[in-house]
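Heads up: the structure comes next, in structure tokens.
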Amino acid sequence: MEPARNSGAVEPGFEPRIFMPTPSSAARFYLTTPIYYVNARPHLGHAYSTIVCDAMARRKRALGIETWFLTGTDEHGQKIERSAAQAGRTPDDFATAIASEFRGLWDRLGLTYDDFIRTTEPRHVRGVQHLFATLRDRGFIYKGSYTGQYCVSDEAWVDVEPGAACPDCGRITETVTEENYFFKLSAFERKLLEFYEANPAFMGPESTRREVISFVRSGLKDLSVSRTSFKWGIPVPGDEQHVIYVWLDALANYITALGYGSDDPADKARFEKFWPADVHLIGKEISRFHCVYWPAFLMAAGIEPPRSVRANGWLLFDQGKMSKSRGNIVRAETVQEVLGADALRYFLLREIPFGQDGNFSFDALVQRYNADLANGYGNLVSRVVNMVHKYFGGVLPAAGVDTSAEAALRLNAEKAADAFVRDFDAMNFSEALKALWVLVAETDGYLTANAPWKRPPERTEADHAALQARVLATAAEAIRIITALVYPILPDAAAKVWRQLGLGEISDAAKKAFLTEIAWGDLPAGTKFGEPAPLFPRAEKDAVERMQNLEDENSRSAVEAASRQRAAQENLDPPPAVAPAPAAASPSVVSVQPGERRVDAEAVTAHTAAPVDGAEPIVSIPVKPVSAEHASSRLSSAPVSAPSSEAASPVAAGGLAGEQAAGPQTISIDDFVKVELRVAQVLVAERIPKADKLLRLEVDLGYEKRQILAGIAQYYEPEKLIGRKIVIVANLAPRKMRGLESNGMLLAASLPDGAPVLAGFLEDVPIGARLK
Ligand code: MSP
């Protein structure tokens, strides 16, 4: 039965209408996230794309469109193989553990993916081999030999000189010569340009479109699509020495998950129904793979390319892309625990114009949460629901006759809804929410202007009751419209509000395609409201600190776990958990693991000296303290740790007073071996905004990559450090500076003026080698 409408009698000239457009005529919608590498645990950067897709999928479903939302994990390749080896696990085990973290997190965040594909699953392996064989059978794959620079981190061949850094990520490339299978990408240069021309909506935003077109225009070379130098991948059918290039493997997930390559009629039907994908949502740095290689592979295989690829920008934290290698990640769980998943969803979609990079900070999050959710929408709902309970016993009154104020609010609702739908469906989520929050503010203003809680003496009780009924029914109506529209972004809050409005379960409404027809006045008079319940409790001052603490705790335990693992791999006893040095500690004071003793950095300051105890030291610890006069050239640890104040000397040298005061000191060999000195190669070196003295380095230890912050910015040009082999203290407890984590310390000689000279070697030494 149609519910009775609760639209007030209408003033002449005002025609109520069903004003929520139904934008898509398509009956089905297929959207995908990138599949996530399993070399790192999920963080907010990963959650971002998955949350955007979830919001889109929820809206499509609530519009009655049959929707398929795919996500998953990318588990093959050299990068994963190496990460697994570092962790002392098989790639299979390692991938399974991280994949289940991704999936578990998506579940805890309530993300409504329809399928989660892992590239190690048989259905995917079968589909990829089928695709490879099809490309080969159709003449687009041939065998050849190739020498080039390979970036393991990006799993991509790059066009640079041997030994040069990858132009995309700055890491040093490796020279690889292999007999490989090649895909005839060069044959697709013109076809792709024609395709882009004919499908202007294929890729976006505009910056991505321009970049991709100029990449293709600059000429396409054939692409190596197999590797023989490692094993962790899908074997080339019929030539099992080769594994299939990880990007060909990964991109194919979008079709293998639908059933491509399977003979099962149900799989075939699903593929027929959902392919081509409507939207591949990706990060901007992987546009080339999705907008060039992927459509070319598909065209070559005789499969239609996807309808569109949309690139999101990066989530930045402390000025840099949030990523594991930078050590500046924030986990979605932290925000969920303190403010709830809806707050995270709202913030990401409202704060960052989709397609652009956006800063994430706990301060901005809490501010936005309090302003828009706690004081804005949450407060509005609570006022209205409470007043309906207070004045009408929890039963929605009939609105009665509209005045111009109600007509104005209704028109504003119409405008806001139109703008919301237009912007949301164009993936301008931030604009969409902005428009809807104008309606939140207007509804709030309407309530305040009419003040149904206050009866002026000149107003009769009957008139006041009529005003209360009209105002509360109108405000409740506006809330219903706002809630329905915002449901894909705030599913938990919308579900609570729906119940409070007496409308039952919003998920049931969504199943009945309630967004196709949201008309003003559909909230019937007589509806029994649910109990008021808090939606977004105001975040108190300590919310930021709580989130920060959760993150610090987490990174501490991750580092401890890693260090225990390293120790186990080296057959050492696992070191005890080490508390991080307090933020306020002097930069020259560092904690050294393993061992409980906190050691002054000067105690690990080394100089070139004779072998100690018959060992063959390259660097030895001074047996006697070095006096100031003799300390003209000393090896010292450049302060990676913590100048909580940057006023600290760029090297941790200088203060001999402590040693002299303490009198001569010696340490035993046992003490020395506690300090893990290793050769590392600098992969990335860059300045840190607003920190004149610090450089951020990414160094390769062979078995792992680290971020180290070093106070050498005044003495070394970052570009000159890239590729250089240095010595680091590898088992130093991590420190946070400027929000970035530093995991180690550089060794440098300290000149009399305090200038550091980094320790190095005359002979070539392998990275990761330990100094003993
Ligand atoms: N495995 C490939 C994708 C294959 S798709 C066929 C990959 N994986 S990834 O784990 O490195 O990144 C997955 C997605 O997460 C990318 O779209 C990437 O842009 C996104 N993000 C990772 N860190 C991010 C931010 N800090 N901000 C926004 N998105 C980021 O690439």
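Straight-line reach from Lys690: which aspartates and glutamates have Cα under 13 Å away, leaving out those fewer than 8 places along the same chain?
Asp318, Glu646
For the residue pair Asp114 and Asp159, what label-to-label distance in nm results when each label sits 7 Å from Cα along the Cα-to-beta-carbon direction?
Simple spin-label model gives 3.9 nm for this pair.
Under 5 Å between amide H atoms, partner at least 5 residues away or on a different chain: which partners does Ala748 have, H built in plane at 1.01 Å?
Amide H to amide H, under 5 Å and 5 or more residues apart or across chains, Ala748 pairs with Ser636, Ser637, Ala638, Ala759.
Rounded, prolate or oblate, given the Cα gyration tensor of the range 684-772, with a/c below 1.5 counting as rounded?
oblate
Calculate the FRET efficiency for Ala441 and Asp418 from the Cβ-Cβ distance with a Förster distance of 22 Å, rounded to the nearest 0.05. Show your work: numbers first, answer last.
Details: r = 17 Å, r/R0 = 0.78.
Plugging the Cβ-Cβ distance into 1/(1 + (r/R0)^6) gives 0.80.
Mind giving me the nanometre distance, one decimal, between the label points for Lys434 and Gln241, set 7 Å out from Cα along Cα→Cβ?
Those two pseudo-labels are separated by 5.9 nm.
Quick one: which residues, 5 or more positions from Ala525 or on another chain, have an amide H under 5 Å from its amide H? H modelled 1.01 Å from N in the peptide plane, none for Pro or chain starts.
Close amide H contacts, sequence-distant or interchain: Asn6.
Here is the link list: Lys321/Lys541; Lys60/Lys511; Lys79/Lys324. Which ones come out longer than 18 Å on Cα distance?
Violating the 18 Å limit, Cα to Cα: Lys321/Lys541.
Which whole-Hz ³J(HN,Hα) couplings does the range 169-181 yield from phi under the Karplus relation 6.51 cos²θ - 1.76 cosθ + 1.60, θ = phi - 60°, glycine and proline marked x?
Taking θ as phi minus 60°, the curve returns 10, x, 7, 5, 8, 10, 7, 10, 10, 8, 8, 10, 8 Hz for the range 169-181.
Can you compute the label reach from Ala462? Point 7 Å from Cα along the Cβ direction, backbone N cut-off under 12 Å, restricted to the range 375-414.
Correct set: none at all.
Using the Karplus curve 6.51 cos²θ - 1.76 cosθ + 1.60 with θ = phi - 60°, what ³J(HN,Hα) values do you get for each residue of the range 143-155, in whole Hz, with x for Gly and Pro?
With coefficients 6.51, -1.76 and 1.60, one gets 9, x, 10, 8, 10, x, 9, 10, 9, 5, 5, 8, 6 Hz.
What nm distance separates the two modelled labels at Glu66 and Ala513, each placed 7 Å from Cα along Cα→Cβ?
1.2 nm
Rounded to two decimals, what is the ratio between the C-alpha radius of gyration of the range 264-342 and 2.2 N^0.38 Å? Walk me through the intermediate numbers first.
Details: Rg = 18.0 Å, N = 79, 2.2 N^0.38 = 11.6 Å.
Output field value: 1.55.
Ranking Trp106, Trp453, Trp157 by Cβ neighbours within 10 Å, fewest first, what do you get?
Trp453, Trp157, Trp106
Residues with amide H under 5 Å of Asn359's amide H, sequence separation 5 or more or different chain, H placed in the peptide plane at 1.01 Å from N; which?
Leu316
Kindly put Thr527, Thr90 in sequence by how many other C-beta atoms sit within 10 Å of each C-beta, fewest to most.
On the way: Thr527 21, Thr90 13.
By the 10 Å Cβ count, ascending, the order reads Thr90, Thr527.
Enumerate the calculated ³J(HN,Hα) couplings along the range 242-247 in order (Karplus 6.51 cos²θ - 1.76 cosθ + 1.60, θ = phi - 60°), each rounded to whole Hz, writing x wherever the residue is Gly or Pro.
Once θ is set to phi - 60°, the couplings for the range 242-247 become 9, 10, 6, 3, 5, 6 Hz.
Readers should treat all values here as calculations from the given coordinates under stated rules, not as data from a laboratory. Every value quoted in this text rests on a predicted model; they were computed, and no experiment measured them. Neighbour counts are summed over all protein chains in view; Cβ atoms, including those assigned to glycine, are modelled from backbone coordinates with ideal geometry.
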